[in-house]
Amino acid sequence: MTRYLLGIDIGTTNVKAVLFDLEGNAIAQARAEYPTYFPAAGWAEQDPELWWQATTAITRSVVSEGRINPEKIAAIGVSSQAPTMLPVTERGEPLRHALIWMDRRSEELCDYLRREIGDEEILKVTGNRIDPYYMLPKFLWFKKYEPQLLARTHKVLQANGYVNYKLTGRFSIDKAHASLTQVYDVSTGRLALELCEKVGLASELMPELYDGTTVIGVVNKDAAAVTGLAAGTPVVAGTVDGAAAALETGVTGPGEAVEMSGTSTVVLLGADSLKRSNKLISMYHALEGRYLVIGAASSTGASLKWFRDQFGSMERLAAKELKIDAYDLMNFEAERVEPGAGKVIFLPYMMGERSPIWDTYARGVFIGLTLNTTRGQMIRSIMEGAAFALYHNLQEATALGLEVKELRCVGGGALSNLWLKIKASVTNLPVVVPETSLGAPFGDALLAGTGIGIYQDVEALAKKYVRFKQRIEPDKEWHALYQELYDVYCSIYNHIRDDLFNLAKIKIGH
């Protein structure tokens, strides 16, 4: 009997599901979008009920499109954006919108952690620096400002943990997500009880910890009724979207790296040991005994979308008329501009920044504008600024002893040959693009198949299935120019960092 595996990814902008056969071929796929809410500057929330509504819609869609009996789906794996802070009741009901990774409101609680616990202790125990990106500061904000909701909280979940609960009725957290919460000891892989006690986080609020391939439960009758899935289908604990995407591109160990550009830019580097860093993010890989080092720029693709939405009305109208993507027209404009974008440099810090500067108060900056500056130069400068942010992270990885031989590129940014060439030339690394890129759901499916015994060697399978269609070598002349511009890019931020902080403190309006 033909059997299938279902991978589901709860991303920052949408939920995506892909149905695979056991040979790794995609049979059907679907996605559904949902909004992010920004109630105040630096705040970012999502409605978990919309995650679930989107999930039920796309699971019904892939079962229908694939024309399969849902009982033939052997197992399901769910990954998600990370980290998230979602408090729920004993019945799994959300008590508020989820604070997603992008949310920076907990900066003052980071100051509290620095005073009461200390940077060195947090780094030693959790493997990562203190920053609003992680779940712990978000939880402390919740504890301080919404104590009435905390009193009703039964568990604090991650995004995939919520969807897994809706599918199975079981509360869970996988090891990769746990390593980004800052309440687990990365040396032991267990809850850091002493740290939790010091900050007032009751250990029972954290769900049971599982390996990503462990079956946590099965699809229950209520979930089956709304998803179109078969009751009794096994569900594994899953992983972080980045770890699943790393699997899809065959990034499993040292020397291998993949860059994903969508809303943000994330570069994931394989490692065979934990690399503690004040600059980058350390995380468990989905593979047992393997680790990932991550560089994450918060709003690179989002900056290009911002430009499209605010200044690209003609492109949007033309794209609608011609039935093409507005980004294609923007790309065409940027292609007609020489490298260096007329000496316009863009700092892509539109939502503050994660690695390697970790600055909540950083903001987007165009510098070098003149009356001769064109739209195309501004578009290209956004692409180049995003590549500089990527290079900045790769340089920090090199300082940790991680060698990168080539850069695999996936995501929406990989659709632009110009952007790929810019990235190759800025980093001075060959860029390779997979033949197909279905994202995290492929890695989810591999974990699901492993969890029920279909697959024995996930790493070998990941290497087997990845194929590359394109290789772009760096342009040496471009690289020499970009080196000069990159030095200025770094210098600009260092010179205006205090000004950006002071600007953030000025009150305007309500």
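The values are calculated or read from the model by the stated rules, or taken from the named source; none is laboratory data. All values reported here derive from a predicted model rather than from experimental measurement. All Cβ positions, even for glycine, are placed from backbone atoms using ideal geometry, and neighbour counts span all protein chains on display.
Values computed for the structure shown
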quantity	calculated
Unmet criterion (only one of (1) outside the structural domain of Glu256 (by TED's automatic domain parsing); (2) over 23 Å from the mean Cα position of the chain (by Cα); (3) not polar (S, T, N, Q); (4) not in a loop (DSSP other than H, G, I, E, B)) for Ala445	(2)
Residues satisfying the stated conditions in segment 30-44, i.e. in contact (Cβ under 8 Å) with a residue 40 or more places away in the chain and touching a strand residue (DSSP E or B) at 6+ places or on another chain (Cβ under 9 Å)	Thr36, Tyr37, Gly42, Trp43, Ala44
Only listed residue being assigned by TED's automatic domain parsing to the domain that holds Asn278 and touching a residue at least 12 places away in the same chain (Cβ under 8 Å), chosen from Ser381, Ser313	Ser381
Selection within segment 75-94 - buried (at least 20 other Cβ atoms within 10 Å of the Cβ) and in contact with a strand residue (DSSP E or B) (Cβ under 6 Å, 6 or more places away or on another chain)	Ala75, Ile76, Gly77, Val78, Ser79, Ser80, Ala82, Thr84, Met85, Leu86, Pro87, Val88
Residue match in segment 234-246 (condition: charged (D, E, K, R), outside any helix (DSSP H, G or I), crowded, with 18+ Cβ neighbours inside 10 Å and touching a residue at least 24 places away in the same chain (Cβ under 8 Å))	no
Boolean, Glu23 is under 14 Å from Met102 (Cβ atoms) and either touching a Gly at 6+ places or on another chain (Cβ under 7 Å) or free of Cβ contacts under 8 Å to residues at least 60 places away in the same chain (or both)	no
Of residues in segment 471-493 being part of a loop (DSSP other than H, G, I, E, B) and among the acidic types (Asp, Glu), the one farthest from Glu384 (Cα to Cα)	Glu473
Those residues of segment 308-324 which are assigned to a loop (DSSP other than H, G, I, E, B) and over 30 Å from Trp43 (Cβ atoms), in sequence order	Lys323, Ile324
Candidate set from segment 342-401 (those that are among the hydrophobic types (A, V, I, L, M, F, W, C) and assigned to a loop (DSSP other than H, G, I, E, B)); member that is nearest to Asn502 (Cα to Cα)	Ala362
Options Tyr465, Tyr455, Tyr482, Tyr489: the member that is without any contact (Cβ under 8 Å) to a residue 40 or more places away in the chain and crowded, with 18+ Cβ neighbours inside 10 Å	Tyr455
Of all residues in segment 308-345 being in contact with a Lys or Arg (Cβ under 9 Å, 6 or more places away or on another chain), crowded, with 16+ Cβ neighbours inside 10 Å and not aliphatic (A, V, I, L, M), the one that is farthest from Ala387 (Cα to Cα)	Glu315
Hey, Phe332 part of a strand (DSSP E or B) and in the same structural domain as Ile379 (by TED's automatic domain parsing) or not	no
Those residues of segment 63-74 which are crowded, with 18+ Cβ neighbours inside 10 Å and either without any contact (Cβ under 8 Å) to a residue 60 or more places away in the chain or hydrophobic (A, V, I, L, M, F, W, C) (or both), in sequence order	Val63, Ile68, Ile73, Ala74
Test: Ile454 is in a loop (DSSP other than H, G, I, E, B) and either among the β-branched types (Val, Ile, Thr) or in contact with a Pro (Cβ under 6 Å, 6 or more places away or on another chain) (or both)	yes
Candidates Tyr465, Tyr391, filtered to the one that is in contact with a helix residue (DSSP H, G or I) (Cβ under 8 Å, 6 or more places away or on another chain), among the hydroxyl-bearing types (Ser, Thr, Tyr) and modelled with pLDDT of 95 or more	Tyr391
Only listed residue being in contact with an Asp or Glu (Cβ under 7 Å, 6 or more places away or on another chain), modelled with pLDDT of 90 or more, at negative phi and surrounded by fewer than 20 Cβ atoms within 10 Å (Cβ to Cβ), chosen from Gly364, Gly376	Gly376
For Glu435: the one exception among (1) within 22 Å of the chain's Cα centre (by Cα); (2) over 30 Å from Val235 (Cβ atoms); (3) of a type in the set (Asp, Glu)	(2)
Helices (runs of 4 or more DSSP H) wholly inside segment 107-203 that include at least 2 residues being among the small types (Gly, Ala, Ser) and buried (at least 24 other Cβ atoms within 10 Å of the Cβ)	159-168, 175-178
Residue ID - nearest to the chain's Cα centre (by Cα), chosen from residues in segment 247-277 that are buried (at least 22 other Cβ atoms within 10 Å of the Cβ) and free of Cβ contacts under 8 Å to residues at least 60 places away in the same chain	Val266
Residue selected from segment 264-277 under the condition part of a strand (DSSP E or B) and in contact with a Phe, Trp or Tyr (Cβ under 9 Å, 6 or more places away or on another chain), by the criterion farthest from Val432 (Cα to Cα)	Ala271
Test for Ser80: is it of a type in the set (Ser, Thr, Tyr), outside the structural domain of Ala362 (by TED's automatic domain parsing) and within 20 Å of Asn14 (Cα to Cα)	yes
Count of residues meeting criterion [part of a loop (DSSP other than H, G, I, E, B) and touching a residue at least 60 places away in the same chain (Cβ under 8 Å)] in segment 278-289	7
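Here is a yes/no grid of residues against (1) at positive phi; (2) surrounded by fewer than 18 Cβ atoms within 10 Å (Cβ to Cβ); (3) at pLDDT below 95:
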site: Lys16; (1), (2), (3): no, no, no
site: Pro35; (1), (2), (3): no, yes, yes
site: Ala40; (1), (2), (3): no, yes, yes
site: Asp47; (1), (2), (3): no, yes, no
site: Trp52; (1), (2), (3): no, no, no
site: Thr56; (1), (2), (3): no, no, no
site: Ser61; (1), (2), (3): no, no, no
